[in-house]
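Structure first, then comments.
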Amino acid sequence: MNQDSKNPQAKPPTYPVGAAEPSPTNTSGGAQKLRNADATPGPSPSTGLKSILKIVVPIVSLMAVIFGVTLFSQYTPPSDDGSTGTGADTNAGGEPPLRFYSGVRQWDPTPNASLQDQNFPGFYEPGETVHGASFWFENRNPKSVTMQLKSVSCSACSGGRVAAIPPVVTRQLLQMSAISLLPQGLITGVPLGMAGPAANLDPNRLNWQLFTYRDSPDATYKIPAANNTDGWSPQWGIMDLQFRVMAIGVKPITTEFATQVDETNTVGAARFVITFEGVNAFDVSTPKIEVGELTASSEPRTYDILVYSSTRGPHRNGPGEPGDLTPPKVDVRSVLGVGEPGPFVSVGPPARVPDQDLPVLTDRLSRDLRKPVRIDSAYYFTVNVNPKVGDNRVDIGLLEREIWLAGAGSQAKQIRVKGIVRGPVWLDDNRTDIDLGSYKYREGVNESIRVYTEQRDAVLKVLTDDCRPEFLKVELEKLPAGADHGHYALKLVVLPESRTGAWTNGVIVLELQGPTPQRIRIPIRGAARF
């Protein structure tokens, strides 16, 4: 292998492994061409090998994509288009101090994105865990290079380390990449030979220069000089910028460096932007469920809610990973203690979403939420709303419940269920609540509201012990029945100087008497001013 790989006809590659990332179509097409070439009569094996290497070497990066995914996807650099954009050193003429092949890192699952961005997690749970984003570079200068930190947007939560890759490792990787592309059957088992040099890229086996930028605001790194005499041994390096996620939300971290070729006036700059989002261990697809209007005779209604995780899943069980998502515990509560949660709003058991359904689900949820969403695992929960369970009927008036979901490593999530229950009792103008508005603190309130009943002789009473606030006095006065309905006057009194400021969590509870009594809950609020 060494003799053939040094053949003068086999031109060594110009850019690092992965410098070009062909699409899957191009990949399969290239492989098919090689298979077709092998199937047709040709020159002797020796001459054929030399000719094949001429084709193989320019597309070494193709093989890099293949084993980069499985062995060191974190380190595979995207294509170098010759530009000097973000992250690339700039210099007026000549070779820049360092060539960075990427300066921006953010999660991007689209097929055209670089392998690094496709494999960058992008979403993290807040905590003390240190995360990293890697950027490959090359020194093509015959002298060493100094890289010094100039600024960082979040020194309290960031640091960085740099490791130079031994040229012998790059030589092995490039040569094994080239040989691995030979037609199947000419050499067998060659991909297994990559395990050795690829293992040398294990972070634990590299010699890192490590700094915490809070403690070292002038952190300085040294990169060895290039000595690529055989064309197979470029001086590559890896910069691993590290960060902690301290809060929920999207956050970019910007880091800038000055670079200089030692013992020269050749200088440059490198700028890196890492964008990530702090998230809970799980989230829900919607914060509310609008039920609309119900009556005691309405059919039961069901609603599906999605609980998903951007950080936990069946493939997140490695070292330092948070593990799989376990279904959160569910609790249905009344709002502000108003009304019994009862059996009228309930939640069924979780149903795991199959892994093969997650991509479609991700696309749909991203459109619904109008932002990129990553789903590593998910469950469906079915919410059941039934206005009548056995002989029990849901209270007339505003229907409000809170579904609380709680799980390890995450803040509890709430989903508000809201609707209106119409029945044989209603307020004047079909209002669903009472707003006393702003009233004078020293004068209080004395107001009357008309209440109607479907039956002319229906009997209503006030459940005084369930009404609040305590300074609100409520009375019902039976009025002469109309031609079609019963009439009551709901008298409301707030004594002078009983409460200052606004209050919003009041409730009036009435009960319609009969063989199966039914309650009517009326939210009430007001604001006392001087």
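Worth pointing out:
- When the residues ASP429, ASP202, ASP363 are ordered by accessible surface, computed with a 1.4 Å probe over the protein chains alone, the sequence from largest down reads ASP429, ASP363, ASP202.
- Cα-centre dipole for the range 350-458 with unit charges at Cβ (Lys and Arg positive, Asp and Glu negative), debye to 20: 340 debye
- Heavy-atom accessible area ranking, 1.4 Å probe, most first, across GLU299, GLU402, GLU497: GLU299, GLU497, GLU402
- Spatial separation of Cα centroids for the range 486-527 and the range 376-432, in angstrom: 21 Å
- Rounded to whole Hz, the Karplus (6.51, -1.76, 1.60) HN-Hα couplings of the range 251-263, x for glycine and proline: 8, x, 10, 10, 10, 10, 10, 9, 10, 8, 6, 4, 6
- Label point distance in nm, GLU263-ASP202, each placed 7 Å from Cα along Cα→Cβ: 3.7 nm
- Per-pair calculated FRET efficiency, R0 = 30 Å: THR516 and TYR303 via Cβ, rounded to 0.05: 0.65
- Residue-by-residue Karplus 3J(HN,Hα) for the range 109-124, coefficients 6.51, -1.76, 1.60, Hz, glycine and proline x: x, 5, x, 7, 6, 5, 4, 4, 6, 5, 9, 5, x, x, 10, 9
- Paramagnetic label reach from VAL360 (point 7 Å along Cα→Cβ; backbone nitrogen cut-off under 17 Å): within the range 306-320, residues 306.
- Peptides 220-231, 265-276 ordered by average Cβ neighbours within 10 Å, highest first: 265-276, 220-231
- Loop-located GluC sites (Glu not before Pro) in the range 246-340 (DSSP state other than H, G, I, E, B) with a sparse environment of at most 12 neighbouring Cβ atoms within 10 Å: GLU263.
- The amide H of PHE120, built 1.01 Å from its N in the peptide plane, has ASP108 as neighbours under 5 Å, considering only residues 5 or more places off or on other chains.
- Here each label is just a point 7 Å from Cα along the line to Cβ, and for ARG140 and ARG333 those points are 6.3 nm apart.
- Relative contact order of the range 93-171, pairs being alpha-carbon contacts under 8 Å that are 6 or more residues apart, as %: 33 percent
- Approximating the spin labels as points 7 Å out from Cα along Cα→Cβ, the GLU293-to-THR432 distance works out to 1.1 nm.
- Per residue accessible area of the range 220-305, 1.4 Å probe, in Å²: 45 Å²
- Karplus 3J(HN,Hα) series, Hz, for the range 379-392 with 6.51 cos²θ - 1.76 cosθ + 1.60 (x for Gly, Pro): 9, 9, 10, 9, 9, 10, 10, 10, x, 9, 10, x, 8, 8
- Positive dipole terminus of the range 236-382, leading residue within SER298, THR259, VAL345 (C-beta point charges): SER298
- When the listed pairs LYS251/LYS413; LYS288/LYS491; LYS150/LYS251 are checked against a 29 Å cut-off, the alpha-carbon distance exceeds it for LYS288/LYS491.
The values are calculated or read from the model by the stated rules, or taken from the named source; none is laboratory data. Predicted, not measured: the structure shown is a model, and the values here were computed from it. Because the Cβ atoms are built from the backbone with ideal geometry, glycine has one as well, and the counts that use them run over all protein chains shown. Quick note on the areas: whole protein, heavy atoms, side chains included, nothing else; ligands and nucleic acids left out. Shrake-Rupley method; radii C 1.70, N 1.55, O 1.52, S 1.80 Å.
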